[in-house]
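The values are calculated or read from the model by the stated rules, or taken from the named source; none is laboratory data. If you're wondering where the values come from, they're calculated on a predicted model, not measured in any experiment. Because the Cβ atoms are built from the backbone with ideal geometry, glycine has one as well, and the counts that use them run over all protein chains shown. To get the accessible areas, we keep the full protein, side chains included, count just its heavy atoms, and leave off ligands, DNA and RNA. Shrake-Rupley method; radii C 1.70, N 1.55, O 1.52, S 1.80 Å.
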Amino acid sequence: MTTTDTISLFLKDEAATIRLGEDLALALKAGDCLALSGDLGAGKSSLARAILRAIADDDGLEVPSPTFTLVQSYDLRIPVSHFDLYRLGDASELTELGFDEALENGICLVEWPEMAESELPAERIALALVHEGSGRRATIEAAGQQAQRMRRVFAIRDFLDGAGYSDAKRRFLTGDASLRAYEAIYPGAAPRKILMDWRPHPEGPPVYDGKPYPKVAHLAQNAYPFVAIADALRERGFAAPEIYKVDYEQGILLIEDLGTEGVLDDAGRPIAERYRQSVACLAQLHSMQFPQDIPVSAAHTHHIPDFDRTAMKMEVQLVLDWHIAWKRGSAPSDAERMDYLAIWDALIDELAAAEKNLLLRDFHSPNIIWRPQEAGVRRVGLIDFQDAMIGPTAYDLASIVQDARVTIEPVLFRQLMNDYLTLRRAQGGFDEAEFMKAWAIMSAQRNCKLAGLWVRLLQRDGKPGYLKHMPRTLAYLNVALEHETLAPLRDWCARAGIGQSES
């Protein structure tokens, strides 16, 4: 039996009620039923209106009372149906109003839930409002994941109070493919800020060498790496977010908003000028040395992990574990696995003399902010670098010139490669032949990983949308395989049936 969690909040005025609605808007998910109870004038409609306007990100959204229509639906970021059951004749009429379908596809806000108590889901969020002095008392009862979400949004509100932004407006910004979510914070007349919600999560089961995936892949598990890398980048003149406040234990950060423009046009195509400036930024980054140990606080120093053999091999094994069976209907044989991993051992050996420095790991379109008002490298805003490692710098160049989520046509690819190599040659001491060998190996490593990852996202995680990137990924892989050093991998891929004609 799931234990019900009770949260009690005093709302001193109407503004506090609106802030509660904004907080709840960030906690609610599709499938949630929020039952709003209280006497006439207790504030149920005000709270529902605040929730709807926050989800719509429109403070002027018209929210008519559904007293007579019984239900009003809104096609928002998450669909919302606002029910007022005060005039409901019988609880069974709730089905006729389309409640079940509305709940399946979105959020249901229900005023006067007592009129259909027997028809509402048992797993719902109950919120009661009562007058208390000159304000209101809100009592919230929820269980399980719903209760956890409620607690989290109120913890973030407490964090903002501690940062001096108790009256700040909060809006959903984005949730990425990882464990992080982001909010836009509007602190009155001050510039917009970004809140990173990075709650602690369990490591998961061992998957390789007796370790869970995050440890083998060197994925950041807390906020220390983000703060450390951000500080190191800013110290060297790069546009990484300033960190205003951080709660390491809870995983909540308030950071600078670098802007909203990206490097793609409205049709999702690369803007050449912005990609070229991004590559120039990367060339300057690779010319600088970064320490592997970066103090973050008096008690903590972040050690940037090495992109080691274990991490590289675990990632390229995704082709074996997911891609091949999806492609041909049968898993790779033991002999195929042994040959493939032996090839990668030899390729990793070839990286011994490669230039190694800080690599940001995911330097591609989703993680680059275009800042036209700035100059030089500061035009390129850097985010999502918490998983940075020390390894072959060629990896980051492969990430941007073979952007996994957008097609880089051959003409632009050649331009970007030429831009980077020209800049590095001018810096002096650059071994171009060794770098190009490392680039081919790192490109193959990244694209072998992605060719397996897209299938895993489909089959294990139920996310088919990523499969659209497969033809592009395999085309990129074929470019890397043209390098003479990768001849053994090229032959293995041909025998295994991995080619750019896949879809």
* Dipole of the chain, positive end: most advanced residue of A353, L341, H303 [Cβ charges, Cα centre] -> A353
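Please work out whether the stretch 1-129 counts as rounded, prolate or oblate from its C-alpha gyration tensor, where a ≥ b ≥ c are the square roots of the eigenvalues and a/c under 1.5 means rounded, while otherwise a/b larger than b/c means prolate and anything else oblate? Can you show the working numbers first?
On the way: a/c = 1.33, a/b = 1.19, b/c = 1.12.
Note, shape of the stretch 1-129 comes out rounded.
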* Using only alpha carbon pairs under 8 Å that are at least six residues apart, calculate the relative contact order of the chain and give it in whole percent. => 12
* **Prolate/oblate/rounded label for the stretch 353-503 (Cα gyration tensor, a/c 1.5)** => oblate
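What size of dipole, in debye to the nearest 20, comes out for the stretch 179-311 about its Cα centre when the only charges are +1 on Lys and Arg C-beta atoms and -1 on Asp and Glu C-beta atoms? Numbers along the way, then the final one.
On the way: 13 positive and 18 negative charges, 29 e Å.
Dipole about the Cα centre, nearest 20: 140 debye.
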* To do: Rounded to the nearest Å, what's the spacing between the alpha carbon centres of the stretch 1-68 and the stretch 86-126? Just the number, please.
  => 16
* Asked: Which of the lysines could a cross-linker span from K169 if the Cα-Cα distance has to be under 24 Å and same-chain partners fewer than 8 positions apart are dropped?
  -> K12, K29, K44, K193, K245
* Asked: If you bin every alpha carbon distance in the stretch 410-486 into 5 Å steps from zero, what whole percent lands in each bin?
  -> 3, 14, 19, 19, 16, 12, 8, 5, 3, 1
* Structure fact -> Rounded to one decimal in nm, the spacing of the 7 Å Cα→Cβ label points at A299 and N357 is 3.5
* **Span from the the stretch 420-479 Cα centroid across to the the stretch 376-412 one, whole angstrom** => 10
* Structure fact -> In the stretch 406-481, taking the dipole from +1 charges on Lys and Arg beta carbons and -1 charges on Asp and Glu beta carbons about the Cα centre, the listed residue (L477, A444, L457) farthest towards the positive end is L457
* In whole percent, how big is the carbon plus sulfur part of the accessible area of the stretch 1-154, probe 1.4 Å, protein atoms only? -> 48
* Structure fact -> Carbon and sulfur atoms account, in whole percent of the 1.4 Å probe accessible area of the stretch 368-503, for 52
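Can you tell me the convex hull volume per residue for the stretch 236-306, based on C-alpha atoms, in Å³ to the nearest whole number?
Working: hull volume 11.4 nm³, N = 71.
Value for the stretch 236-306: 160 Å³ per residue.
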* **Leading residue at positive end of dipole, the chain (Cβ point charges), from L9, H82, N367** => N367
* To do: Quote the charge dipole size of the chain about the Cα centre in Debye, to the nearest 20; the model charges only the Cβ of Lys and Arg (+1) and of Asp and Glu (-1).
  => 1040
* Asked: Counting only heavy atoms of protein chains, what accessible area per residue, in Å², does the stretch 85-155 have with a probe of 1.4 Å?
  -> 50
* Roughly how much of R137 is accessible, in Å² to the nearest 10, using a 1.4 Å probe? -> 60
* Structure fact -> Note to self: with every protein chain in place and a 1.4 Å probe, the stretch 304-407 gives an accessible area per residue in Å² of 33
* **With all protein chains modelled, accessible area of E132 [1.4 Å, Å²]** => 70
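What is the dipole size for the stretch 298-427, taken about its Cα centre, with +1 at each Lys and Arg Cβ and -1 at each Asp and Glu Cβ, in debye to the nearest 20?
Details: 14 positive and 19 negative charges, 102 e Å.
Its charge dipole is roughly 500 debye.
So how do K245, K313 rank on accessible area, 1.4 Å probe, biggest first, that is with the largest at the start? Mind showing how you got there, number by number?
Numbers: K245 75, K313 30 Å².
If we order K245, K313 from most to least accessible, we get K245, K313.
Provide H131, H300, H364, H201 ordered by accessible surface of protein heavy atoms (probe 1.4 Å), highest first.
Values: H131 120, H300 55, H364 10, H201 80 Å².
Descending order: H131, H201, H300, H364.
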* **Area accessible to solvent at D491, 1.4 Å probe radius, in Å²** => 80
* To do: Could you tell me whether the stretch 282-429 comes out rounded, prolate or oblate from its Cα gyration tensor? Rule is a ≥ b ≥ c as square roots of the eigenvalues, rounded for a/c under 1.5, then prolate if a/b exceeds b/c, otherwise oblate.
  => prolate
* May I ask you to list the lysines whose Cα is less than 19 Å away from that of K449, ignoring any residue fewer than eight positions away on the same chain? => K211, K215, K313, K327, K437, K463, K468
* **Accessible heavy-atom area order of E203, E273, highest first, probe of 1.4 Å** => E273, E203
